[in-house]
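S.K.: Here it is, the structure, as structure tokens.
Nothing in this text is a laboratory measurement; each read-out follows from the coordinates by a stated rule. This is a predicted model, so every value here is computed, not measured. A quick note on method: Cβ atoms are made from the backbone with ideal geometry, for glycine too, and the neighbour counts reach across all protein chains shown.
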Amino acid sequence: MNIVEYIWMDGAQPTQKLRSKARIVSAEKGQPISPETLPEWSFDGSSTYQATGHDSDLLLHPVRVFPDPVRGAGNYLAICEVNNPDGTPHDSNTRAKLRKVLDAGAAKIDPWFGIEQEYALFKGRSPLGWPDNGYPAPQGPFYCGVGSDEVFGRDLIEAHTKACIAAGIMIYGINAEVMPGQWEFQIGYRGFEGESADPLTVCDHLWAARWLLYRLGEDFGVNATLHPKPVKGDWNGSGAHTNFSSRATRDPKTGMAAMEEAIKKLEKNHARHIEHYGASLGERLTGHHETCNINEFRSGVANRGASIRIPRPVAKRGCGYIEDRRPGANMDPYVVCREILKTVCDL
Ligand code: ADP
Ligand code: MN
Ligand code: MN
Ligand code: MN
């Protein structure tokens, strides 16, 4: 017997959340569990803001399967798309909308993504490690810090990193962030031989990594929040910097020109991108705390106050990738990748 956790995005607004439920299946001998061999399943959409009570059954269609590092060998996590009873994508199915853009031509530019997921750990109503009354010392020593006076929650972060690796999730790295109790992991491009950082793969992996963070947080009595401004005041918000490259930006002959062209198009479409980059984004994009003001668009080499940054080593090489620093931590990667591709490919 195998336990498969079916994971999907609900219909909550303005930010869709994760839901999951487990099904017991029996793998046929020599038939590994895969999206193709897993049964479709249904759920009560009226309890997930996805349907009304009198017509509530929606379909879970597995699209990506990972070994489950929490339950261990023989058990799986399945990322699912949500479909209507007739098999068409449900309106909340943002993955299907990304697929459509890829099929409409975006796949041809061979896009790769790498996403930096920042988040804050909370215990009860305070960030982890914060005093019950008042505030910790001002920001400064915490980013990439070490020591029990500077970093909080490392046991969970280590467990999460190892769980991601065991699941085959493309985790690139981790670091403690600027606000105490705040952390980051990156999912996507790693430069490994034969590993694809195509948008559907990277986004599925990011959602799976988020699910694992919440799930392991249960064991530690700690909750991760993706709110873009978890603590008001002089504290860094949480973003989801989205790094993007195409065949043209990675080619030394065309790289710099292709990156500049992409940035010009992103500037023209700034307002549309902001609309799709997560709720409450204005609380984070203030022009302070390593952000560019939400109403402005700036780009620059090594500029962490920019909307789009070209990393210094990329500029030196003349090819590589650009970093969109605008998305909030609570963004939907299917939506952010879709919007970047629509803009860059004129779709
Ligand atoms: P930062 O200096 O902004 O904190 P990180 O080291 O946290 O950068 O993350 C770098 C990100 O860049 C990773 O998510 C990685 O996957 C991504 N990346 C690197 N090269 C490429 C590339 N060619 N295409 C797309 N993403 C890339
Ligand atoms: Mn980073
Ligand atoms: Mn960061
Ligand atoms: Mn970054």
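S.K.: Per residue, how big is the convex hull of the range 162-212 when only Cα atoms are used? Give it in Å³.
M.R.: Working: hull volume 4.5 nm³, N = 51.
Taking the convex hull of the Cα positions in the range 162-212, it is 88 Å³ per residue.
S.K.: What span do the alpha-carbon atoms of the range 227-324 cover on each of the three principal axes, reported in whole Å from largest to smallest?
M.R.: 45, 25, 18
S.K.: Whole Å is fine, so just give me how far the alpha carbon centre of the range 4-55 lies from that of the range 232-308.
M.R.: 34 Å
S.K.: With r defined as the distance between the Cβ atoms of residue 144 and residue 303 and R0 fixed at 22 Å, what FRET efficiency is calculated, to the nearest 0.05? Working shown, then result.
M.R.: Numbers: r = 20 Å, r/R0 = 0.91.
Result of the calculation: an efficiency of 0.65.
S.K.: Summing +1 for each Lys or Arg and -1 for each Asp or Glu, what net charge is found among the other residues whose Cβ lies under 10 Å from the Cβ of residue 183? Could you put the intermediate results ahead of the total?
M.R.: Working: positive: 154; negative: 118, 177, 184.
Summing Lys/Arg as +1 and Asp/Glu as -1 gives -2.
S.K.: Kindly flag which residue pairs out of 108/265; 21/162; 232/268; 123/229; 17/100 have an alpha-carbon separation exceeding 20 Å in this structure. Intermediate values should be presented prior to the final figure.
M.R.: Values: 108/265 18 Å; 21/162 23 Å; 232/268 31 Å; 123/229 16 Å; 17/100 22 Å.
Correct reply: 21/162; 232/268; 17/100.
S.K.: So which GluC sites (Glu not before Pro) in the range 164-255 are both in a DSSP loop and have at most 10 other Cβ atoms within 10 Å of their Cβ?
M.R.: Details: sites: 177, 184, 193, 195, 218; in loops: 177, 193, 195.
Passing sites in the range 164-255 are 193.
S.K.: Right, another one. Working from the alpha-carbon coordinates of the range 76-198, get Rg over Rh, Rh being the Kirkwood radius.
M.R.: Checking Rg against Rh, the ratio lands at 1.09.
S.K.: Quick one: check the C-alpha center-to-center distance for the range 177-227 versus the range 153-172, whole angstrom.
M.R.: Each part reduced to its Cα centre gives a spacing of 8 Å.
S.K.: What's the longest bit of the chain with no exposed trypsin sites (Lys or Arg not before Pro), using DSSP loop states and at most 11 other Cβ atoms within 10 Å as the test?
M.R.: Details: sites that count: 29, 125, 232, 253.
The longest uninterrupted stretch comes out as 126-231.
S.K.: Given the convex hull over the Cα atoms of the chain, what projected area results after averaging over all orientations, in nm²?
M.R.: Working: hull surface 74.6 nm².
In nm², the orientation-averaged hull projection of the chain is 18.7.
S.K.: Right, something else. Cα extents of the range 2-92 along the three principal axes, largest first, in whole Å?
M.R.: Sorted largest first, the three principal extents are 40, 26, 17 Å.
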